[in-house]
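Working notes, structure below.
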């Protein structure tokens, strides 16, 4: 079994552990269509070879799951067990390294980042709203001052009265 097939099996396992292609896509930044092409071994390129997990993609997945470089190149123990594959070159995922625990940590981390970004945006919105209120108040004051500067017309000073007296 070559590296691309090992990586493909590991990818399929990780997709299964994350729940859906969409969740895996969100975690890794890989398009769902690309994941589907790998799963289905869709022919690609000039040679029409089946789509596989290349070096860059493997490193991207490792980074997304906080794993060391080369982690995708060895079978995850659960993958070997379900696939009835020989046990050489297999990752042993301990309770401390379980994928679902990693996903919980990743999702918590993302939630914390989102929450911090949301609070920052709320603060910025309040600042902008205050500036808008200040500008509206200033415009109201300027309008009031302009209307106070115009001389008031007397009841007798109508244009018709001026013509009659002339």
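Throughout, read-outs are computed from the coordinates displayed, never taken from laboratory work. As the structure is a computational prediction, the values presented were derived from the model and not from experiment. For neighbour counting, all protein chains shown are included, and Cβ atoms are generated from backbone atoms with ideal geometry for every residue, glycine included.
Packing around the peptides 50-61, 113-124, 30-41, taken as the average count of other Cβ atoms within 10 Å per residue, puts them in this order, highest first: 50-61, 30-41, 113-124. Protection proxy ranking, highest mean first, for peptides 65-73, 134-142: 65-73, 134-142, where packing is the per-residue count of other beta-carbon atoms within 10 Å, averaged.
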